[in-house]
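These notes are about the structure you will find just below.
The values are calculated or read from the model by the stated rules, or taken from the named source; none is laboratory data. None of the values given here were measured: they were computed from a predicted structure. In this analysis, Cβ positions are derived from the backbone assuming ideal geometry, glycine residues included, and neighbour counts consider all displayed protein chains.
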Amino acid sequence: MNDRLKDLLQKGPVAINIGVLDFAESLKNQDSEVIHLNWTPPAGGDPELIALLDQLL
Amino acid sequence: MITRCLIRKKEYYDSVFLMRVAKQIAGQRGILQAATLMGTEKNKVLLADIGFESVEISSATPNDLIIAIRAENETILSNTIENIDQWLNQGVGETGALSYRTIEEAVTHLPRFNLAVISVPGQYADREARKALEQGLNVFLFSDNVPVESELSLKEFAREKGLILMGPDCGTAIINGIGIGFANRVRRGPIGVIGSSGTGLQEFTTLVHRFGSGISHAIGTGGRDLSDQVGGITFLSAMDALESDRETKVIALLSKPPGSSALEKLIQKIQLCRKPVIACFLGLKYQPTHEPIGCKLVRTIDEAASLSVQLATGNLPSLSEKSQQKLEERIRQHRSGKKSEQKYIRGIFAGGTFCYQAQQILQDAGIFVHSNAPLQNNPKLKDPMHSTEHTLVDMGSDEFTVGRPHPMIDSGLRYERILTEAKDPQVSILLLDFILGFNASLDPAGELLPAIDEAISEAKKRGESLTVVASVCGTEQDPQDFNLQFKKLEGAGVFVFSNSAQAARFCGLLITGGS
């Protein structure tokens, strides 16, 4: 078991939230540490461009 | 009538938030219809279906926000548009001040993260989950529409790294007392649970809480984890984690029946496990003997919760929450005023697992029901919009929720369905579920009470009596307050249980004549 999994179970979540903002808010309301990413679909959501980017990066 | 479509370039919001904004717009006086969606191809089709089409909409990208409004006149429309910024600004919370754009960026600046909670649209989920795992994070993957090949590859990668990937389509987890996704506020305690369905985990954890014990961790796996294709990778990793966890004394497993090779792996793991294991495989046709499995097998979620509490604390909680006198009184009430053609039950569920479990319980009582999500040997509804004879509908399934909020968030879909069922003179019983907890509707009972009242009074006008049975899944510590929701329903004449299986058993009793 990875240390981060042990850490998750022993200390609780310290989370990065990506997507639905409500999920970050509910973690925050339970006094759990969380940040919400300012996420947008990569490459303007263009699947071909995303595939190309993934090959390059 | 006037229609307008606004495009806000490079302004991204999540779908749950946008559905709430659309509801706020639609609730304004004189607004006939409103939609707020990101400019994906799928959303453009949804907009065209409801009559919103324009060159601007066609050219919008998935990063552009489309606001489409139909109003009675120009003044109403202009006034509403003026308020849009204010509604959209509610989406810019304080959480993290929206300062990082990628997982890599966030981890570089704050390396202590141990979990990524991912709920982006399905087509981007694999990419983000993989990035999170590469950064050494465990993953709670709420996103659905992730191909099974991606799921397998992500889970193999997680296993390789000693991490856990909960999901895809994972609705619920409770880790060290913190609820993630649609979870309830429950007591901490000695029982660990691993489950393939969110509502299954919610029911189990709230029942353990109601039985006086508590939860160490509740780990969601996603619905396909115990398929032969995925091979139970998350179930097995979660079992390892719970076995090593000092707080966990008993481990419960909740799932539909596993695939045969996944079951073999699970059995091996159970047999080597040093802690007692209880398994509930909903829909399992035959009850195998306990010996080959190496653990206690039970039929329903409440039995799993009750037995777990007994193994952890030594006390077996009772499943019967009503006195015999109360039950007899209700059976008499049900029988009085019923017309001979009132023969059928209609279950209108927000929780898919509750719909499935109720079918199993009714089938065990010899009652076969139609459903849009049928149990083995039950007929599939030809049209999910129309019930026939005995019918239990999972209103959270895809055919109802494309472009609409899930019934756990918004009761609109169930409201309409209750009224539709109540018009059928053959209906005798309505069976409903109410699911509380983080991220669910703040007043699910209050939202449906007007529909329940109307259904009961419509039946009365026809000289019939309609029986409404419900279950509430939650705790007194939930934002909605279990006791408040329970009392609201009781006040409207609903016979309420705190346990979905018991509500279904009671309905079976009513249908079979109380024998």
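Figures for the structure shown
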{"read-out": "Lone qualifier among B:E41, B:E53 - being within 28 Å of B:N439 (Cα to Cα) and assigned by TED's automatic domain parsing to the domain that holds B:Q86", "value": "B:E41"}
{"read-out": "From the options B:K423, B:K460, residue that is touching a helix residue (DSSP H, G or I) at 6+ places or on another chain (Cβ under 8 Å) and either surrounded by fewer than 22 Cβ atoms within 10 Å (Cβ to Cβ) or not β-branched (V, I, T) (or both)", "value": "B:K423"}
{"read-out": "Filtered residues of segment B:258-267 (kept if part of a helix (DSSP H, G or I) and out of contact with any helix residue (DSSP H, G or I) (no Cβ under 9 Å at 6 or more places or on another chain))", "value": "B:S260, B:S261, B:E264"}
{"read-out": "Candidate set from segment B:126-141 (those that are within 9 Å of chain A (Cβ to nearest Cβ), of a type outside the set (D, E) and assigned to a helix (DSSP H, G or I)); member that is farthest from B:G403 (Cα to Cα)", "value": "B:A132"}
{"read-out": "Within segment B:234-252, tally of residues that are within 10 Å of chain A (Cβ to nearest Cβ), polar (S, T, N, Q) and touching a residue at least 24 places away in the same chain (Cβ under 8 Å)", "value": "2"}
{"read-out": "Any chance B:T80 is at pLDDT 90 or above, on the phi < 0 side of the Ramachandran plot, more than 13 Å from every other protein chain (Cβ to nearest Cβ) and in a helix (DSSP H, G or I)", "value": "yes"}
{"read-out": "For B:T80: the one exception among (1) more than 29 Å from A:P47 (Cα to Cα); (2) surrounded by fewer than 19 Cβ atoms within 10 Å (Cβ to Cβ); (3) of a type in the set (S, T, N, Q)", "value": "(2)"}
{"read-out": "Residue list for segment B:188-217, filter: assigned to a loop (DSSP other than H, G, I, E, B), over 13 Å from B:N499 (Cβ atoms) and touching a residue at least 60 places away in the same chain (Cβ under 8 Å)", "value": "B:S196, B:S197, B:G212, B:S213"}
{"read-out": "Subset of segment A:1-51 [more than 7 Å from chain B (Cβ to nearest Cβ) and in a loop (DSSP other than H, G, I, E, B)]", "value": "A:D31, A:E33, A:D46"}
{"read-out": "Helices (runs of 4 or more DSSP H) contained in segment B:8-64 and holding at least 1 residues of a type in the set (D, E) and either in contact (Cβ under 8 Å) with a residue 40 or more places away in the chain or in contact with a Phe, Trp or Tyr (Cβ under 6 Å, 6 or more places away or on another chain) (or both)", "value": "B:55-59"}
{"read-out": "Verdict on B:S99 being surrounded by 14 or more Cβ atoms within 10 Å (Cβ to Cβ) and at pLDDT below 90", "value": "no"}
{"read-out": "Test: residue in segment B:142-154 that is within 10 Å of chain A (Cβ to nearest Cβ) and part of a helix (DSSP H, G or I)", "value": "no"}
{"read-out": "Those residues of segment B:153-177 which are crowded, with 24+ Cβ neighbours inside 10 Å and either within 20 Å of the chain's Cα centre (by Cα) or of a type in the set (K, R) (or both), in sequence order", "value": "B:K155, B:L165, B:M166, B:G167, B:P168, B:C170, B:G171, B:T172, B:A173, B:I174, B:I175"}
